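To keep things clear, I will list the structure first and then write my remarks on it.
The values are calculated or read from the model by the stated rules, or taken from the named source; none is laboratory data. Remember, it's a predicted structure, so these values are computed and weren't measured experimentally. Here the Cβ positions follow ideal geometry from the backbone for every residue, glycine too, while neighbour counts run over all protein chains shown. Please note that ligands, DNA and RNA were not included when accessible areas were found on the heavy atoms of the full protein model with its side chains. Shrake-Rupley method; radii C 1.70, N 1.55, O 1.52, S 1.80 Å.
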Amino acid sequence: MSRSRSFFVCQSCGAQTRQFFGRCNSCGSWNSLVEQAAPKSDGRRRRASADPATTPTARRSMAIDALADQPLQRLASGYGELDRVLGGGVVPGSLVLVGGDPGIGKSTLLLQSAAAMAVQRSVLYVSAEESAAQVKLRWQRLQDPVGVEAVQSLQLLAETDLELVLEELEALQPDVAIIDSIQALHDGELSSAPGSVAQVRECAAALQRLAKRQNTALLLVGHVTKEGVLAGPKVLEHLVDAVLTFEGDRFASHRLLRAVKNRFGATHELGVFEMRGQGLAEVGNPSELFLSGDQASGVATIVACEGTRPLVVDLQSLVSTTSYASPRRTATGIAVNRLHQILAVLEKHMGLPLSRFDCYLAVAGGLEVEEPAADLGVAAAVVASYRDLTLPAGTVLLGELGLGGQLRPVTQLELRLQEAARLGFRRAVVPRGSGLGAAAAALDLELLEAARITEALVLALGVDPADDRA
């Protein structure tokens, strides 16, 4: 009689081991190993051909050019911002994982989208964390009357048992199904608690097999840990087709939707929403959220690109005399190492003694700007605050700053200039050699080109910031 085998799985990282240890060898977490039974073998074995001279033939594979073409028909989610991040809409048979901090608006967004899609599609909303009455109350508060026909096409199931959820999906065969959330589902065949690595992995795998088989688009809500990453094993992110993160400042009303992974579209698109009393509303002109409109020293304006969307953003800087031997360097919205690099370039090539001053930098509106095209704007904001100067109104700065003090070209420059001109900006400081003089003239935009940081700041500020009399 064969003995039943078991193994231990780390609930933090998903690593497996045959022996129990108090500490996981992969991630280092303590007391995270949970014993699980090994799956039984189904007894199938590969059998060699009885005649060695006979060559086995392929029976399931086929030539790729012989496959029939199937056009990709996306389903509109009811929100243009969500469709933008997904690459044009929800793909039938795909799995989309939506993560975010608690209370950020994940359930609100998906319930509103479900109500909008139910006008033309059959939608099943599975609530594993809230009762049906609680979801109904939220739906009544959020709905912007979409018609009686939408109510008939939107089905609600409050259930945590995976087997019952799969039976309902097989019976209804909806076009779209929303699972809120994947960590609350429970597979009765596993002894571990809901939300554990094994439960999340097996529940997601079972839902994936069903979705691919009956061509149902699945939207899964995922929790976020205190470190800011999606809870559960990393295999969950590899299993799904798209991973979206819903983020925002809890003290602000706007929310940002980003794609971390997308098999059917780009991963650098950005969707902007605003939280209101009736739920989430799309923001058609997000640049208004990140522009202060104030003329003050230490404020510079850049145009950041999130995918195909240009955003005009204000950068705010404060440079003050330090009271300590080591000056403080604080950056919000921009990597602090990038700020250190720009300050070193300014001190080396412009002679500004910034090493004796504290420097604080922030992006207005709480946006995260990671691209190097913001370097020139950061440098201008720092120098303007140091010299107590105010940049002329209607000026944007675009350029990457090299370690030698040179300005390097940026991508999608014409798209950035078009957005700046649309919002009323009339001057743009850019790296030399952009070749967009004619395009800028057509936009009624004065293009100021510079090859080095000193020249660019003179054009932007109107004075030489390296001169002590400035």
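Residue 86 sits among other residues whose Cβ lies under 11 Å from its own Cβ, and their net charge, with Lys and Arg +1 and Asp and Glu -1, is -1. Once the mean of 1/r is taken over each pair of separate Cα atoms and inverted, region 241-376 shows a Kirkwood hydrodynamic radius of 16.7 Å. For the pair residue 59 and residue 130, a Förster radius of 56 Å applied to the C-beta separation gives a FRET efficiency near 0.70, rounded to the nearest 0.05. Backbone phi angles across region 66-81, fed through the Karplus curve with coefficients 6.51, -1.76 and 1.60 (θ = phi - 60°), yield HN-Hα couplings of 8, 5, 6, 6, 10, x, 7, 9, 7, 9, 5, 7, x, 9, x, 5 Hz in residue order; Gly and Pro are listed as x. The calculated FRET efficiency for the pair residue 120 and residue 238, based on their C-beta separation and a Förster distance of 35 Å, comes to about 0.65. Dipole magnitude for the chain: about 1540 debye, using +1 per Lys or Arg Cβ and -1 per Asp or Glu Cβ, origin at the Cα centre. Ordering 424, 126, 307 by Cα displacement along the dipole of the chain toward the positive end leaves 126 in first place; charges were set at the Cβ atoms of Lys, Arg (+1) and Asp, Glu (-1). How would you classify the chain from its alpha-carbon gyration tensor, with a ≥ b ≥ c the square roots of the eigenvalues: rounded for a/c under 1.5, else prolate if a/b is greater than b/c, otherwise oblate? Note, shape of the chain comes out prolate. Placing +1 on the Cβ of every Lys and Arg and -1 on the Cβ of every Asp and Glu, with no other charges, gives region 59-122 a dipole of roughly 220 debye about its Cα centre. For residue 403 and residue 16, what is the calculated FRET efficiency with R₀ set at 56 Å and r taken between the beta-carbons, to the nearest 0.05? Approximately 0.75, to the nearest 0.05.
Between residue 30 and residue 459, full extension at 0.36 nm per residue minus the direct alpha carbon distance yields a gain of 148.6 nm. Scanning residues 5 or more positions from residue 368 or on other chains, none has an amide H under 5 Å from its amide H, with H placed 1.01 Å from N in the peptide plane. In this structure the amide hydrogen of residue 262, modeled in the peptide plane, comes within under 5 Å of the amide hydrogens of 243, none closer than 5 places in sequence on its chain.
Only the Cβ atoms of Lys and Arg (+1) and of Asp and Glu (-1) were treated as charged; on that basis the dipole of region 317-380 about its Cα centre amounts to roughly 280 debye. Relative to the longest principal axis of the chain, what angle (0 to 90°, nearest 10) does the C-alpha long axis of helix 336-350 take? With rounding to tens, the tilt is 20 degrees. Accessible area per residue was computed with a 1.4 Å probe on protein heavy atoms; residue 360 scores about 70 Å². Between the Cα long axis of helix 375-387 and the first principal axis of the chain there is an angle of about 40°, rounded to the nearest 10.
Extending 7 Å from the Cα toward the beta-carbon at both residue 158 and residue 390 defines two label points whose distance is 5.8 nm. Think of it as helices only: each DSSP H run of n ≥ 4 in the chain is worth -39500 (n - 2.57), and spread over all residues that comes to -8000 deg cm²/dmol at 222 nm. DSSP beta bridges fully contained in the chain are about 55 percent antiparallel. Note the angle between two axes, namely the Cα long axis of helix 132-142 and the longest principal axis of the Cα atoms of the chain, as a number of degrees from 0 to 90, rounded to the nearest 10. Taking Cα atoms only, the helix is inclined about 30 degrees. Contact order, relative form, for the chain: 11 percent (alpha carbon pairs under 8 Å, 6 or more residues apart, mean separation divided by residue count).
Counting lysine pairs in the chain that sit 8 or more residues apart in sequence, or on different chains, and whose Cα atoms lie under 18 Å apart gives 5. The residues of the chain have, on average, 51 Å² of accessible surface per residue, using a 1.4 Å probe with all protein chains present.
Cysteines in the chain lacking any other cysteine Cβ under 4.7 Å from their own Cβ: 203, 305, 359. Give the separation of the Cα centroids, region 335-381 to region 190-204, in Å. Spelled out, the Cα-based centre of one part sits 46 Å from the other.
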